[in-house]
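Following: one structure in C-alpha cells, then a few remarks.
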Amino acid sequence: MRTFFPSDSCKESQLNAINPQSWLQVERGKLSKLSSSHKYSSSIESFIKVPEPPILPFFKPIDYVEVLAQIHEEMESCSPQERSTLYLLQFQIFRGLGETKLMRRSLRSAWQRAGTVHEKLVFGAWLRYEKQGEELIADLLATCNKCAQEFGPVDVSQLQVEVNGCSKETVVMNGDKSLKNVNFKIGDEIIVCDRQKIASLSAPFHAMLNGYFTESSSQDIDLSENNISPLGMRTIGEFSITGSLSEVHPDLLLEILVFSNKFCCERLKDACDRKLAYLVCTKDDAAEFMEYAIEQNSPVLAASCLQVFLHELPDCLNDERVVEIFSNADRQQRSIMVGRASFSLYCLLSEVAMNLDPRSDKTVCFLEQLIESAETDREKLLAFHQLGCVRLLRKEYDEAEGLFEKAVSLGHVYSIAGLARLGYIKGHKLCSYEKLSSVISSVNPLGWMYQERSLYCEGDKRSEDLEKATELDPTLTYPYMYRAASLMMKQNVQAALAEINRVLGFKLALECMELRFCLYLAIEDYKAAIRDVQAILTLSPDYRMFEGRVAASHLRTLVREHVGSWTTADCWMQLYDRWSSVDDIGSLSVIYQMLESGGAKGVLYFRQSLLLLRLNCPDAAMRSLELARRHASSEHERLVYEGWILYDTGHCEEGLRKAEESIKISRSFEAFFLKAYALADSSLDSSCSSTVISLLENALKCPSDNLRKGQALNNLGSVLVDCGKLDSAADCYINALKIRHTRAHQGLARVHFLKNDKATAYVEMTKLIEKAKNNASAYEKRSEYCDRDLTKADLEMVTRIDPLRVYPYRYRAAVLMDSRKEKEAIAELSRAIAFKADLHLLHLRAAFHEHVGDVLAALRDCRAALSVDPNHQEMLELHSRVNSHEP
C-alpha cells in the first residue's frame with residue numbers, strides 16, 4: 001500500500017486526545033521546562049502518542065517459504081493460462097513481507113507470461129500504476145529509440161472470440177430455388193440482398209430463407225419492426241457479400257450490433273465488435289460503450305473500454321459511472337468485461353481504492369467483487385481478510401468478525417489478529433490475549449503474534465512480549481516506538497532516543513522519524529527537531545503528523561523560528577561535515593534548507609538523490625533526480641541527470657549514451673563520472689578498466705567540489721585495485737581522505753589486506769567505524785580482517801545495528817556447520833529468513849538441508865529461492881540436483 005493504512009484504536013478515546021496545540025505552546029516558548037514529574041509526563045503525553053499497529057490487509061502466511069515453494073511447484077506443471085494468477089499470489093506474499101522490488105518483479109512476470117489479452121491489460125495497468133510518475137522514463141527511452149513496453153497499449157483485436165456463424169455454403173431445404181435475391185422492406189424503402197449470402201449469416205436467417213417458414217418462398221420480407229434502419233440493412237447486405245464492414249458511423253455500428261445479436265449473426269457481430277473497439281478513445285467513450293458491450297456480449301469492445309479505464313487509474317475511480325460499472329457487474333458481465341482475469345482485475349481495483357480511501361464504499365464494493373471472483377482457497381482467504389480489514393476501519397465490527405473468521409477457517413492465521421482486535425474493542429481483553437497465546441503455542445511463532453498480544457496485557461508482560469517481537473522480527477516498528485515513548489514518560493530521555501535510533505539505524509520509517517521529532521520537541525532540542533522534520537519532508541513532501549491532523553511543513557515553519565539561520569557558506573560547511581561523518585539524515589536536512597534558500601537547485605536535488613539511494617529510498621531518490629533534471633541550468637547538465645535516471649532504472653546502455661551526448665556539449669565532472677560508472681557496470685570485458693580509469697582521471701581534471709571529487713578518487717582507487725595497481729590505488733584513497741571522504745578508509749584497508757598487512761587493514765577500518773555515524777557496513781567489512789573471535793564480535797555488532805544485513809547470519813551458520821552443529825546452523829539461518837526473503841540465506845539453508853539428507857526441506861528452500869531469483873545459476877543447479885535426489 002502506498003498510503004498509511006490506519007488502525008482502530010483499542011481505546012478510541014485516545015484518538016481524540018491528541019492535541020497539537022499543547023506542544024505548540026511549548027514550542028513557542030510559552031511553557032518552560034517543568035520540574036514536576038507529573039506535569040512533565042502529562043505534558044509529553046499530550047502529543048507523544050504511539051498508535052497501535054494496524055491490521056494490515058496483506059496475505060501473511062505462517063511459513064511464507066512453504067507457500068512460495070508450493071506456488072513455484074505449481075508453476076512447473078500448470079497451464080499457461082494459470083501462470084499469471086500464480087505470479088499474482090507470489091506478489092501478494094512479497095507484499096506481506098514488504099519486499100517492494102520482488103513485488104514488482106512478480107507483477108512484471110505476471111505481465112510477461114499473461115496467457116490472455118485481459119491478463120495483459122490488467123497486469124500492464126498494474127505495472128503502470130506501481131510506476132506512477134515514471135512516465136518520464138518512457139519518454140527518455142523514446143529519445144534513445146527504445147520503447148518501454150509496459151507503458152504501451154495492448155492490441156485488443158488479438159482477443160480470440162469463438163464465432164459460430166452459419167456456413168457460407170447453404171442448403172435450400174424448402175425455399176423457392178428460383179429466388180436469387182430477397183427484398184427487405186423497412187418502412188417505405190426496399191433493400192435488395194443476395195438471398196443465400198444473407199442466409200449464410202446465421203442459422204435463424206438460414207431457417208427463415210431456406211427452411212419451412214413462409215418467408216422461404218417469399219420475394220419480399222418486411223423487417224420494419226426489427227429496429228434496423230434502411231442504411232443498416234444495406235450495410236448488412238454488403239457485409240454478407242464482402243465479409244467486411246466499410247467506414248460506418250458509430251451509431252450505425254451499434255444498431256447493427258444489436259440486430260446481429262437478435263438474429264445470431266456471429267460473424268457480423270464480431271466485425272461490429274472489433275470495429276467499435278477501435279473507436280474507444282476517451283473515458284467518456286468507454287463509459288458509454290461499455291454498457292453496450294456488456295448488454296450485447298461484445299468482449300472485444302469491452303476489452304477496449306477496460307483498457308481505457310485502466311490506463312486512467314487512479315483518476316477514473318473518481319467517475320461514478322466507471323465505479324458503477326465495476327461495482328455492479330455480475331458473474332456473466334465480469335466474464336464479458338475481463339474474461340478469466342476477474343480476480344486479478346478486482347485485486348488491482350481494490351488496491352487502488354484502498355490507497356485512495358480504505359473506508360470508501362467503492363473499496364467495499366470492489367472487495368465484495370473480489371470475493372465473488374475468488375476461486376481457490378488462497379484467493380478467498382486474501383479477499384475475506386482484506387474486506388475484514390476495511391470493515392474494521394469502517395467500525396462495522398460484526399461484518400468484520402465474520403470475514404476474519406472465514407479467512408481463518410481457510411488457513412490465514414494472521415486474520416486472528418483482526419479477531420483479537422475486535423474482541424478487545426468489544427471489551428473482551430482476556431479473550432483476545434488467550435487467542436494470541438493459543439496461536440503462539442500451536443505454531444512456530446512470528447514477531448507479529450507477540451506484538452499483537454502485547455496490546456492485551458500490561459507492565460512486564462507487555463515489555464516481554466515486545467522484546468520477543470523485536471527478537472523474532474526486528475523490522476516491526478511498533479515495539480521500538482512503544483519502548484521509546486514509555487522511556488520518555490519516565491523522563492529517561494537518552495534511553496528513549498537510543499531506542500528509537502535503534503530502528504532508524506536500519507529502517508527509515510516515517511512514523512519513527514515523527515516520534516523522534518516529538519521527543520526532541522519535548523526536550524526543546526530544536527536543532528535536532530528541525531533536522532528530522534526536514535528529512536521527513538524530503539522523503540514525503542506532503543507528510544502529515546499527529547495521525548494526519550497537522551502538515552509537517554507547518555510544524556517545520558513553527559520550529560524554524562527557534563533555530564538560527566545559516567548563510568550559504570554555513571550550509572556548505574554543515575553539508576561537508578555531515579557528508580564526511582556519513583550522517584545521511586543530517587545531510588538530507590542541510591540540503592533541504594539549501595534548496596529553500598535558492599542556489600543551484602539542479603545540483604542540490606542530484607546530491608539529495610545520492611543520499612536517498614544510500615538510505616534505500618529509491619522512489620524518493622527518483623523524484624529528486626527528476627527534480628534535478630527539471631532544474632538543470634544547462635543542456636549538458638540535464639543530459640547527465642537523464643543518464644542517471646535511465647541508469648538507476650536498469651537502462652545502462654541508454655544512460656551511457658546520455659553521458660556521451662553531454663560530454664560532446666561540455667566536458668564536465670558529472671558527465672565523465674556517469675560515463676565511467678555506467679561503462680564499468682555495462683561491460684564484463686576487463687579491458688574496459690583502462691577506459692574507466694581514463695574517464696575518472698578526466699573527471700578529476702574538471703571543476704567540482706570536494707564531496708564529489710572524493711567519490712571519484714574512491715571509485716578510481718577501486719578500479720585500480722581490481723587491476724592490481726595497489727600503490728596507485730592507495731594514493732587515490734589517501735588523497736580522498738585528505739579531502740575528508742571518510743569511506744576511503746574501506747578502500748585503503750582493502751589495499752593493506754591485499755598487501756598481506758591484515759593488522760593495518762583492521763586499524764584502517766576502525767578509523768572508519770569511529771568517524772561514520774552509520775557504520776554497520778564498516779563493522780561487517782572489518783570482520784574480514786581479524787581472527788575468529790573478533791570477527792564474531794564485529795558481526796554480532798552488525799546484527800545489533802542493522803539486523804537486515806544477511807552476511808553475519810550466513811557467517812555464523814557456516815561456523816556452526818563447520819563445528820558439526822547442523823541444527824544450530826539451520827536455526828541461525830531460519831532466524832533471519834523468518835523476516836527477510838533473501839536468496840543467499842535460502843540458498844545456504846537449502847545446501848545445509850541437502851547435506852543432512854533432508855531432501856524435501858532442501859527442495860522447498862530451492863523453490864522458494866527461485867521465487868526470489870528465478871535465474872540464479874547456482875540455485876538452478878542445486879535445485880536440479882536435489883530434485884533428482886542426487887547426493
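Computed from the coordinates by the stated procedures, all read-outs in this text should not be read as laboratory data. Just so it is clear, the model here is predicted, and its values are computed rather than measured. Here the Cβ positions follow ideal geometry from the backbone for every residue, glycine too, while neighbour counts run over all protein chains shown.
Taking θ = phi - 60°, what integer Hz values does the Karplus form 6.51 cos²θ - 1.76 cosθ + 1.60 yield along region 743-758, in sequence order, with x for Gly and Pro?
Computed from phi, the couplings for region 743-758 are 5, 5, 4, 5, x, 5, 4, 5, 4, 4, 5, 5, 8, 6, 10, 5 Hz.
What is the dipole size for the chain, taken about its Cα centre, with +1 at each Lys and Arg Cβ and -1 at each Asp and Glu Cβ, in debye to the nearest 20?
3060
Note down the relative contact order for the chain as a percent, whole number, built from C-alpha pairs under 8 angstrom at least six residues apart.
On the way: 1275 pairs, mean separation 76.4, N = 887.
Normalised by residue count, the contact order of the chain is 9 percent.
Over 32 Å between Cα atoms: which of Lys146/Lys664; Lys527/Lys601; Lys658/Lys781 fall into that group? Write out the running numbers ahead of the final one.
Numbers: Lys146/Lys664 22 Å; Lys527/Lys601 23 Å; Lys658/Lys781 35 Å.
Over 32 Å Cα-Cα: Lys658/Lys781.
Nearest 500 deg cm²/dmol is fine: what mean residue ellipticity at 222 nm does the chain get from its DSSP H runs of n ≥ 4 alone, each adding -39,500 (n - 2.57), divided by its residue count?
When only DSSP H runs of four or more count, the value is -21000 deg cm²/dmol.
Could you work out how far helix 342-356 tilts from the main Cα principal axis of the chain, as a 0 to 90 degree angle to the nearest 10?
That works out to roughly 50 degrees.
Considering the Cα trace of region 181-331, what is its radius of gyration and what is Dmax, both in angstroms?
In order Rg, Dmax, the Cα atoms of region 181-331 give 17.7, 59 Å.
Taking the chain as the reference, fit the longest principal axis to its C-alpha atoms, fit the long axis of helix 822-833 to the helix C-alpha atoms, and give the angle between the two in degrees, 0 to 90, nearest 10.
For helix 822-833, the angle is close to 70 degrees.
I need the peptides 262-268, 756-762, 621-627 ranked by packing, meaning the mean over residues of other C-beta atoms within 10 angstrom, with the highest value on top.
On the way: 262-268: 20.0, 756-762: 15.7, 621-627: 21.6.
Going from most to least packed, we get 621-627, 262-268, 756-762.
To the nearest Å, what is the center-to-center distance of region 637-665 and region 410-479, using C-alpha atoms only?
Result: 50 Å between the Cα centres.
Dipole size in debye (nearest 20) for region 307-394 around its Cα centre, Lys and Arg Cβ +1, Asp and Glu Cβ -1?
Working: 10 positive and 14 negative charges, 52 e Å.
Roughly 240 debye for region 307-394.
So which trypsin sites (Lys or Arg not before Pro) in region 778-824 end up in coil per DSSP with only 13 or fewer other C-beta atoms within 10 Å? Numbers along the way, then the final one.
Details: sites: Lys781, Arg782, Arg788, Lys792, Arg800, Arg805, Arg810, Arg812, Arg820, Lys821, Lys823; in loops: Arg805, Arg820, Lys821.
Sites meeting the loop and neighbour criteria: Arg820.
From the phi of every residue in region 564-581, what ³J(HN,Hα) in whole Hz does the Karplus formula 6.51 cos²θ - 1.76 cosθ + 1.60 yield, where θ is phi - 60° and glycine or proline is x?
Computed from phi, the couplings for region 564-581 are x, 7, 10, 7, 4, 5, 4, 4, 5, 5, 5, 4, 4, 5, 5, 4, 5, 8 Hz.
Limiting things to C-alpha atoms, what are the Rg and the maximum Cα-Cα separation (Dmax) for the chain, in angstroms?
33.0, 113
Gap in Å between the Cα centre of region 178-221 and the Cα centre of region 729-754?
So the two Cα centres are separated by 92 Å.
Under 5 Å between amide H atoms, partner at least 5 residues away or on a different chain: which partners does Asp222 have, H built in plane at 1.01 Å?
Sorted by chain and number, the residues that satisfy this are Lys185.
Per residue, how much space in cubic angstrom lies within the convex hull of the C-alpha atoms of region 789-884? Write out the running numbers ahead of the final one.
On the way: hull volume 8.6 nm³, N = 96.
Each residue corresponds to 90 Å³ of Cα convex hull volume.
Largest first, please: the extent of the C-alpha atoms of region 747-808 along each principal axis, to the nearest Å.
32, 24, 15
Near the amide H of Leu245, under 5 Å away, which other amide H atoms are found, from residues 5 or more places off or on another chain, if H is placed in the peptide plane?
Counting only residues 5 or more places away or on other chains, the set is empty.
Can you list which of the GluC sites (Glu not before Pro) found in region 638-735 are DSSP loop residues with at most 11 other C-beta atoms within 10 Å?
Details: sites: Glu642, Glu653, Glu654, Glu660, Glu661, Glu670, Glu697; in loops: none.
Listed in order of number, the matching sites amount to none.
Excluding residues fewer than 8 places away in the same chain, name every one of the aspartates and glutamates whose C-alpha is closer than 20 Å to that of Lys275.
Correct list for Lys275: Asp155, Glu162, Glu238, Glu247, Asp251, Glu255, Glu266, Asp284, Asp285, Glu288, Glu291, Glu295.
Just to check I understand the Karplus step: with θ = phi - 60° and J = 6.51 cos²θ - 1.76 cosθ + 1.60, what whole-Hz values come out for region 856-864, glycine and proline as x?
Each residue of region 856-864 in turn: 5, 5, 5, 5, 4, 5, 4, 5, 5 Hz.
Against the longest alpha carbon principal axis of the chain, how many degrees, from 0 to 90 and to the nearest 10, is the axis of helix 361-373 turned?
So the helix axis and the longest Cα principal axis differ by about 70 degrees.
Which trypsin sites (Lys or Arg not before Pro) from region 527-561 combine a DSSP loop assignment with at most 11 other Cβ atoms within 10 Å? Each step should come with its number before you reach the end.
Working: sites: Lys527, Arg531, Arg544, Arg549, Arg556, Arg560; in loops: Arg549.
For trypsin sites (Lys or Arg not before Pro) across region 527-561 that sit outside H, G, I, E and B with at most 11 neighbouring Cβ atoms in 10 Å, the list reads Arg549.
Does region 115-155 come out rounded, prolate or oblate by the C-alpha gyration tensor, with a ≥ b ≥ c the root eigenvalues, rounded set by a/c under 1.5 and, if not, prolate when a/b is larger than b/c and oblate if not? Please report the intermediate quantities before stating the final value.
Values: a/c = 3.83, a/b = 1.63, b/c = 2.35.
It is oblate, given that a/c is not under 1.5 and a/b is not larger than b/c.
Within the chain, what percent of beta bridges assigned by DSSP are antiparallel, to the nearest 5? Walk me through the intermediate numbers first.
On the way: 8 of 11 bridges.
Expressed as a percentage, antiparallel bridges in the chain total about 75.
Relative contact order for region 789-884: what is it in percent, counting Cα pairs under 8 Å that are at least 6 residues apart?
Numbers: 92 pairs, mean separation 17.3, N = 96.
The value is 18 percent.
Between region 89-135 and region 545-560, what is the separation of their alpha carbon centroids in Å?
35
Grab the eigenvalues of the alpha-carbon gyration tensor for region 705-788, scale each by 5, take roots, and send me the semi-axes largest first in whole angstrom.
On the way: eigenvalues 74, 54, 16 Å².
Taking √(5λ) for each eigenvalue gives 19, 16, 9 Å, largest first.
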